[in-house]
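Engineer: Just dropping this structure here.
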Amino acid sequence: MPQLICRDLALGYEGKTVVSELSFTVNAGDYLCVVGENGTGKSTLMKTILKLKTPLSGEIQINDGLSANEIGYLPQQTVIQKDFPASVREVVRSGCLNRCGLRPFYNKAEKQMAEDNMEKLGIAPLAKSCYRELSGGQQQRALLARALCAARKILLLDEPAAGLDPNAAAEMYALIEKLNGGGITVIMISHDVAACVKYASHILHIGAGSALFFGTKADYLKSEAGCAYAETGEKT
Amino acid sequence: MTAIMDKLAFYFQYPLVRYALIVSVLIALCSSLLGVTLVLKRFSLIGDGLSRVAFGAAAVAAAFSLNDDFLMVIPLTVICAVLLLRAGQNAKIKGDAAIAMISSGALAGGYLIMKLFPKTSNVSRDVCATLFGSEKILMLTKTETWMCAILSAVVIAIFAIFYHKIFAVTFDEDFSAATGLRAKVYNSMLAVVSGVVVVLAMNMVGALLISALLIFPALSAMRVFKNFKAVTVCSMLISVICATLGILISIVAGTPVGSTIVVVYAAGFFVFGGAGIITRRG
Ligand SMILES: Nc1ncnc2c1ncn2[C@@H]1O[C@H](COP(=O)(O)OP(=O)(O)OP(=O)(O)O)[C@@H](O)[C@H]1O
Ligand SMILES: [Mg+2]
């Protein structure tokens, strides 16, 4: 059952095209990894799917009654004011807001979920710390916990492993795999080709010079783009 | 000390003085709540800009001899607030430049209109009173008192109901919008509230000093506290205490209300700045 269909998308900024002729389908329960070189438009694609940007042309169809408040999102970069006073707990809880609807406050279950997700990502002891005074990796974990709180049907992650130490990254991948097993669709941008090949069900490759590939993991490994890219990934 | 108490007791016999104090505390509460968000959104100067728009609108209302100039000033200010705050994200003219443009334009236009259609013989005094605050807060009409009280109550209620959403939209607008929060709606709501609060606060301290009311409590609280809840609560307390103190001092010492209040706010900021340094060391 397709949850998300992109047809002939062209993406870009101020009329300047970054990537075009992008077509793919994501079914409920899929684990799609988006790979490709720096600056080929992966983050732009994710923002377009999230309706933070409008595509230059083409259409994005969202099916299956998927509404915005069932989406979890981990941005690649969060521009947060240097002096923003916010505790980790406040940040993580804000991920639950899309479950609240018109209710002004968090209920018990939502507060508990925030605690659980902090626990899972190993930042429970930091709950009261000031977000902006954390290390880069700790901040990434807090934002991941927030994304997990928000995700009910689909989880979009823009380089979730960036800044995580190897153990934390492995735990994070395991956690996401478990969520995916529970029926949550995952779309993940990553430069960690080994992890993509290990966990993904489908792969979207946005290469330099608009070399595109979309298909299942098995097909990808057989394809030219896949071979070349996976090899460079193994070398590093 | 007893002399001071006697003097205060004397003044508080008058309902007008009591109303003035209540209305001031409410306005102080509103502006401190709004101030936290504005400071964090980097819109600290919007108070300045909007107050000059309100000044211009008040001049126009006076030229038309409107009695309740609230009815004209609030809508005009709110419209400018919405334009400024919404344009802030992706306008061709960036936020601070747009604010500078609107504020100087409105100030000049307002002064011109006041000069061309003078209401009283002493225009300079009128202008000075609107800019630096007069004893207006002590002379509110009954309608104005009620308007102020109701509007402040509405603003406070909005912040109570949407507290978490306002936090989320201020902290990370993209995430909020992506995960189904209507960030644009909340931004517009904040803009409307800014317009209303600025007009209300003009009664208290005058157009030129409004920024102080918005900015000082938030900045003071941020010296000491590092989470949103504590900062919000603390800046509310600071604001209420400073506004009350300022009014009492101005009554006792016979100083201008607006400037006295602002000086007390500034003093509060230095107290908290010092406290911040001590807590970080200790
Ligand atoms: N705000 C912007 N305005 C104009 N151009 C932009 C903007 N953001 C990105 N671009 C351009 O769009 C292209 C794609 O950017 P994008 O962030 O989508 O790359 P990416 O595939 O996510 O790269 P990375 O692997 O480095 O994260 C880049 O060439 C960049 O120069
Ligand atoms: Mg990117």
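Engineer: If you check every pair at least six apart or on different chains, which have Cβ atoms under 6 Å apart with a residue in region A:142-158 that is within 22 Å of residue A:4 (Cα to Cα) first and a residue that is within 16 Å of ligand 1 (Cβ to nearest atom) and of a type in the set (S, T, N, Q) second?
Structural biologist: A:158/A:43; A:158/A:76
Engineer: How many residues are assigned to a loop (DSSP other than H, G, I, E, B) and over 21 Å from residue A:35 (Cα atoms) if we restrict to region A:146-172?
Structural biologist: Initial filter on region A:146-172 (assigned to a loop (DSSP other than H, G, I, E, B)): A:151-153, A:159-165.
Applying the additional criterion that residues be over 21 Å from residue A:35 (Cα atoms) yields A:151-153.
Summing the residues that are assigned to a loop (DSSP other than H, G, I, E, B) and over 21 Å from residue A:35 (Cα atoms) in region A:146-172 gives 3.
Engineer: Give the number of residues within region B:221-238 that are free of Cβ contacts under 8 Å to residues at least 40 places away in the same chain and either closer than 16 Å to residue B:279 by Cβ or more than 9 Å from chain A (Cβ to nearest Cβ) (or both).
Structural biologist: Step one: list which residues in region B:221-238 are free of Cβ contacts under 8 Å to residues at least 40 places away in the same chain, which gives B:225-227, B:229-230, B:233-234, B:237.
Next cut, either closer than 16 Å to residue B:279 by Cβ or more than 9 Å from chain A (Cβ to nearest Cβ) (or both) only: B:225-227, B:230, B:233-234, B:237.
Number of matching residues: 7.
Engineer: Here are some conditions: (1) of a type in the set (A, V, I, L, M, F, W, C); (2) free of Cβ contacts under 8 Å to residues at least 12 places away in the same chain; (3) buried (at least 18 other Cβ atoms within 10 Å of the Cβ). Residue B:27 meets all but one. Which one does it not meet?
Structural biologist: For residue B:27, the exception is condition (2).
Engineer: Just give me the residues in region A:121-140 being part of a helix (DSSP H, G or I) and touching a helix residue (DSSP H, G or I) at 6+ places or on another chain (Cβ under 6 Å), in sequence order.
Structural biologist: To start, the set of residues in region A:121-140 that are part of a helix (DSSP H, G or I) comprises A:124-126, A:131-133, A:136-140.
Those that are part of a helix (DSSP H, G or I) and touching a helix residue (DSSP H, G or I) at 6+ places or on another chain (Cβ under 6 Å): A:124, A:126, A:131.
Engineer: Every residue in region A:15-42 that is within 10 Å of ligand 1 (Cβ to nearest atom), within 13 Å of residue A:204 (Cβ to Cβ) and of a type in the set (S, T, N, Q), please. Break it down stepwise before answering.
Structural biologist: First, pick out the residues of region A:15-42 that are within 10 Å of ligand 1 (Cβ to nearest atom): A:16-19, A:34-42.
From what's left, within 13 Å of residue A:204 (Cβ to Cβ): A:19, A:34-36, A:40-42.
Matches in region A:15-42: A:40 only.
Engineer: For region A:113-156, what are the residues that are more than 12 Å from every other protein chain (Cβ to nearest Cβ) and surrounded by fewer than 17 Cβ atoms within 10 Å (Cβ to Cβ)?
Structural biologist: Scanning region A:113-156 gives A:115, A:116, A:119, A:122, A:124, A:125, A:135, A:136, A:137.
Engineer: If you go through region A:46-64 one residue at a time, how many are away from every other protein chain (no Cβ under 13 Å) and not hydroxyl-bearing (Ser, Thr, Tyr)? Before the answer, list the steps.
Structural biologist: Within region A:46-64, the first condition is being away from every other protein chain (no Cβ under 13 Å), and the residues that meet it are A:55-61, A:63-64.
Now narrow it down to the ones that are not hydroxyl-bearing (Ser, Thr, Tyr): A:55-56, A:58-61, A:63-64.
Of the residues in that region, 8 qualify.
Engineer: Still on this structure: Could you say which residue among B:145, B:179, B:170 is away from chain A (no Cβ under 13 Å) and among the polar types (S, T, N, Q)? Give the steps one after another, and end with the answer.
Structural biologist: Numbers: B:179 fails: away from chain A (no Cβ under 13 Å); B:170 fails: away from chain A (no Cβ under 13 Å).
Answer to the check: B:145.
Engineer: While we're on this one: Just to be sure before I move on: is residue A:143 touching a strand residue (DSSP E or B) at 6+ places or on another chain (Cβ under 7 Å), within 16 Å of ligand 2 (Cβ to nearest atom) and in a strand (DSSP E or B) in the structure I sent?
Structural biologist: On the way: touching a strand residue (DSSP E or B) at 6+ places or on another chain (Cβ under 7 Å): yes; within 16 Å of ligand 2 (Cβ to nearest atom): yes; in a strand (DSSP E or B): no.
Spelling it out, it is not the case that residue A:143 is touching a strand residue (DSSP E or B) at 6+ places or on another chain (Cβ under 7 Å), within 16 Å of ligand 2 (Cβ to nearest atom) and in a strand (DSSP E or B).
Engineer: Go through region A:88-131 and give me each residue that's closer than 14 Å to residue B:168 by Cβ and among the acidic types (Asp, Glu).
Structural biologist: Correct list: A:90, A:110.
Bear in mind that the values in this text are calculations on the coordinates, not laboratory data. Because the structure is a prediction, the values reported are computed rather than measured. Glycine gets a Cβ as well: all are built from the backbone with ideal geometry, and neighbour counts include every protein chain shown.
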